[in-house]
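So the structure is just underneath, and the comments pick up after that.
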Amino acid sequence: MTRGRSSTGARAAFAAVAAGGALAAGVWFVWPAWSACDGAWPAPLDDVYIHANFARATAAGHPFEWIAGQGYSSGETAPLYPFLLAPAFWLGLRGEAVVAFAFGLAVAALARACVELRRLQRGGAAVALAGGLTWVAVGALSFTWFSGMEAAAFFAVTIAALARAEAARAARRRRSGAATRAGLWGAAMVALRPEGLLLVGLFALLAARGARSRSPWPPLLRAALPAALVQGALLLANRALTGDFASAGARLKLLASNPYLDDVARTKEVVMNLLAFKWKVLDADIGGDGLALLAALVVLGALRRRTRHATLACVAGALGFSLLVSLNGAARYQGFRYYAPALGLALTAGALGATELGRLARSQAVGAASLVALA
């Protein structure tokens, strides 16, 4: 009993330290803008106000409506997020205070992501906290996490789904329960960002990888089916209530639906999106030395048996997600926010490699130091 209480206390202390670190990083990022806005809480993306409007209607008992009482709207591309923001209105918050509430959600989400990273690493607290530090050390990521958008919540549930999928792969017993939990987190992923369906598929394959001599289909379906059902339900609701499967505005952003571009021009736009991300985020915000260190940690994680599968899932997810969002005509605008989950996954792969570095050196401090150096 004493040991259980001690373990619970240690987990709570870790979560508190992670939350404190995320809060400090967020304040460090937001404070200059808050001061420049003369005390008004900054919301650098107009989509924040879209989320807040849907949240206001949700709080009034009219979910999925742009204005309460006017009927269903497919304009909310992250249908779960207004439910997370709705308590702000129940608390009587209005105006910029709602964005401050969203900032608090981002802090809580990043702290939870740190908790899930520790679970994924199956390592010590220091390396997990240092891994979380890398998530807020890149300007493009901090802009995205603390802008009031759903990105931080999406990233937290992504790391949670990955941790459960890896647990299902590694488990010798209770594999079905871990795969089911991975599926539930995956359903939350697509309810926050529809692009998450790609990552859910990868995580489902990871969960099925541990079936060994048994059939891989049960864990695969448990990990993938909930997200597929959520996505299917959203598409059918859009079709039934608006006459179109796509969300409002989605066709406008997709390069494939732009009538003014031919196939060559669309291909050029995809390439330009990827190059702009490399030049303005990878090169400018991380730099050659940082990328070299990150690559070395990722390779180490991929070579070590304990972290190989999760590391490769992160790398494949980062590459696939980057290619997918590059089909969006707005991918290289708005602070590169669409690429944030991909970069977060790449840094998570580096954290897994740092865990193995610490194990090789028989010192957590070595692994944590490598991530602090990266940050």
So what's the gap between the Cα centers of the stretch 193-246 and the stretch 110-159, to the nearest angstrom? 24
Diffing the stretch 70-80: the Karplus 3J(HN,Hα) column from phi (6.51, -1.76, 1.60, θ = phi - 60°), in whole Hz with x for Gly and Pro, holds 9, x, 4, 10, 8, x, 8, 7, 10, x, 7
Gain on full stretching of the segment that runs from Arg362 to Val17 - 0.36 nm per residue minus C-alpha separation: 121.8 nm
Find the accessible area per residue for the stretch 62-163; the probe is 1.4 Å, ligands and nucleic acids are left out, and the unit is Å². 32
Just name one of Ala224, Ala237, Gly249: the one whose Cα is farthest towards the positive end of the charge dipole of the chain (beta-carbon charges, Lys/Arg +1, Asp/Glu -1). Ala224
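What Kirkwood radius, in Å to one decimal, follows from the Cα pairs of the stretch 29-96? Mind dumping the intermediate values first?
Values: mean 1/r = 0.0787 Å⁻¹.
It is 12.7 Å.
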Relative contact order of the chain, pairs being alpha-carbon contacts under 8 Å that are 6 or more residues apart, as %: 17
Within the chain, what's the longest stretch lacking chymotrypsin sites (Phe, Trp or Tyr not before Pro) that sit in DSSP loops with no more than 12 other Cβ atoms inside 10 Å? 1-259
Given 5 Å bins starting at zero, what is the percent of C-alpha pairs of the stretch 327-366 in each, up to the one with the largest pair distance? 6, 22, 16, 13, 11, 9, 9, 8, 5, 1
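Show me the trypsin sites (Lys or Arg not before Pro) within the stretch 296-375 that DSSP assigns to loop and that have at most 11 other Cβ atoms within 10 Å of their Cβ.
Sites meeting the loop and neighbour criteria: Arg305, Arg362.
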Long-range share for the stretch 107-169, i.e. C-alpha pairs more than 12 Å apart as a percent of all pairs, stands at 66
Which whole-percent values make up P(r) of the stretch 79-144 when all C-alpha to C-alpha distances are grouped in 10 Å steps starting at zero? 19, 39, 29, 13, 0
So who's got an amide H within less than 5 Å of the one on Leu254, skipping anything under 5 residues away but keeping other chains? H placed 1.01 Å off N, in plane. Gly329
First select every other residue whose beta carbon is under 14 angstrom from the beta carbon of Ala52; then total the charges, Lys and Arg +1, Asp and Glu -1. -4
If N is the residue count of the chain, its Cα Rg over 2.2 N^0.38 Å rounds to 0.98
Roughly to the nearest percent, how much of the accessible area of the chain is carbon and sulfur, given a 1.4 Å probe? 65
Per-residue HN-Hα couplings for the stretch 320-331 [Karplus 6.51, -1.76, 1.60; θ = phi - 60°; Hz; x = Gly/Pro]: x, 5, 4, 5, 5, 6, 5, 6, 8, x, 9, 4
Send over a whole-number figure in Å² for the accessible area per residue of the stretch 198-318, probe 1.4 Å. 58
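When the gyration tensor of the stretch 258-317 is built from Cα positions, what are the square roots of 5 times its three eigenvalues, in whole Å, from largest to smallest? Intermediate values should be presented prior to the final figure.
Working: eigenvalues 201, 58, 8 Å².
Whole-Å semi-axes of the equivalent ellipsoid: 32, 17, 7.
For the stretch 280-375, how big is Rg over Rh, using alpha carbon atoms and the Kirkwood form of Rh? Let's see the in-between values first.
Working: Rg = 14.1 Å, Rh = 13.8 Å.
Rounded to two decimals, Rg/Rh equals 1.02.
In debye, nearest 20: dipole of the stretch 231-375 around its Cα centre with unit charges on the Cβ of K, R (+) and D, E (-)?
Details: 15 positive and 8 negative charges, 87 e Å.
Approximately 420 debye in magnitude.
Please compute, over every Cα-Cα pair in the stretch 189-334, the percentage with a separation greater than 23 angstrom. Mind dumping the intermediate values first?
On the way: 5623 of 10585 pairs.
For the stretch 189-334, the fraction of Cα-Cα distances above 23 Å is 53 percent.
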Vicinal HN-Hα couplings computed from phi for the stretch 194-207 (Karplus, 6.51 cos²θ - 1.76 cosθ + 1.60; Hz; Gly/Pro x): x, 5, x, 4, 4, 5, 4, x, 5, 5, 5, 5, 5, 4
Kirkwood Rh, Cα atoms: Rg over Rh of the stretch 139-231: 1.05
Between the Cα axis of helix 96-121 and the main Cα principal axis of the chain, the angle (0 to 90°, nearest 10) is 30
Mind checking the full-extension length gain between Thr8 and Asp38? Use 0.36 nm per residue of separation minus the Cα-Cα distance, one decimal, nm. 6.6 nm
Taking amide hydrogens as modeled 1.01 Å from N in the peptide plane, which residues meet the under 5 Å criterion relative to Trp66, leaving out close sequence neighbours? Ser73
Using 10 Å bins from zero, what percent of all Cα-Cα pairs in the stretch 1-147 falls into each bin? 11, 33, 30, 20, 6, 0
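The values are calculated or read from the model by the stated rules, or taken from the named source; none is laboratory data. Bear in mind the structure is a predicted one, so any value in this text is a computation, not a measurement. Cβ coordinates were reconstructed from backbone atoms using ideal geometry, including for glycine residues, and neighbour counts include every protein chain displayed. What goes into the accessible areas is simple: the full protein's heavy atoms, side chains included, and nothing from ligands, DNA or RNA. Shrake-Rupley method; radii C 1.70, N 1.55, O 1.52, S 1.80 Å.
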